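Reading through the structure tokens given below for one structure.
The values are calculated or read from the model by the stated rules, or taken from the named source; none is laboratory data. Note that the structure is a prediction, hence the values are computed from the model and not measured. Don't worry about glycine lacking a Cβ; one is built from the backbone with ideal geometry, like all the others, and counts go over all protein chains shown. SASA here: full protein model, heavy atoms, side chains in, ligands and nucleic acids out. Shrake-Rupley method; radii C 1.70, N 1.55, O 1.52, S 1.80 Å.
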Amino acid sequence: QLQLVESGGDLVQPGGSLRLSCEVSGVTLDDYVVAWFRQVPGKEREGVACSISRGGNALYAYSVKGRFTVARDRAENTVYLQMDGLKPEDTAVYYCAAGQNVRQRLTNRQTMCIGEDFDAWGQGTQVTVSS
């Protein structure tokens, strides 16, 4: 059974870095699209980064491009989100999601994986960027 567990959220100062982990169990990571989303209370969920394949193809939200990097570790069956140059507006609960038949959508001139297509979600990890 597909299960996801996130970790790594913390309080960090602006300009700092964090690495989030999404441990995937019950399935072979290579067979799945894995993405990171974030949500702030009262706002819509936002797709942040989507790892499409083991070859390294990935999509990023315009707001994080150049600062965030998603990477897979096949040996650990884990997907990481390296976040550098953090800003207060990055504060949110971050969720990872996995799915096999995930479509992409072009919205506001950026392409991101469609959240409704994912099969499973983690419980979320809080990231707070504040001085």
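Restricted to Cα atoms, the chain shows a radius of gyration and a Dmax of 13.6, 40 angstrom. Of the solvent-accessible surface of the range 9-102, computed with a 1.4 Å probe and all protein chains present, 43% belongs to carbon and sulfur. Phi angles across the range 81-93 convert, under the Karplus curve 6.51 cos²θ - 1.76 cosθ + 1.60 with θ = phi - 60°, into 3J(HN,Hα) values of 10, 7, 10, 10, x, 5, 10, x, 6, 7, 4, 4, 8 Hz, Gly and Pro given as x.
In this Cβ point-charge picture (+1 for Lys and Arg, -1 for Asp and Glu), the chain has a dipole of about 440 debye about its Cα centre. Karplus-based coupling profile of the range 17-33, in residue order and whole Hz: 10, 8, 10, 8, 10, 10, 7, 9, 10, x, 9, 8, 4, 4, 8, 10, 7, with θ = phi - 60° in 6.51 cos²θ - 1.76 cosθ + 1.60 and x standing for Gly or Pro. Could you tell me which of rounded, prolate or oblate describes the range 75-131, using a ≥ b ≥ c as the square roots of the eigenvalues of the alpha-carbon gyration tensor, with rounded for a/c under 1.5 and, failing that, prolate when a/b is larger than b/c and oblate otherwise? Note, shape of the range 75-131 comes out oblate.
Averaged over its residues, the chain has an accessible area of 55 Å² per residue, based on protein heavy atoms and a 1.4 Å probe. Taking Cβ atoms as reference points and 9 Å as the exclusive limit, the residues near GLY99 contribute a net charge of -2, counting Lys and Arg as +1 and Asp and Glu as -1. Extending 7 Å from the Cα toward the beta-carbon at both LEU106 and SER7 defines two label points whose distance is 4.1 nm. Taking all protein chains as they are arranged and a probe of 1.4 Å, the heavy atoms of LEU18 leave approximately 30 Å² accessible to solvent.
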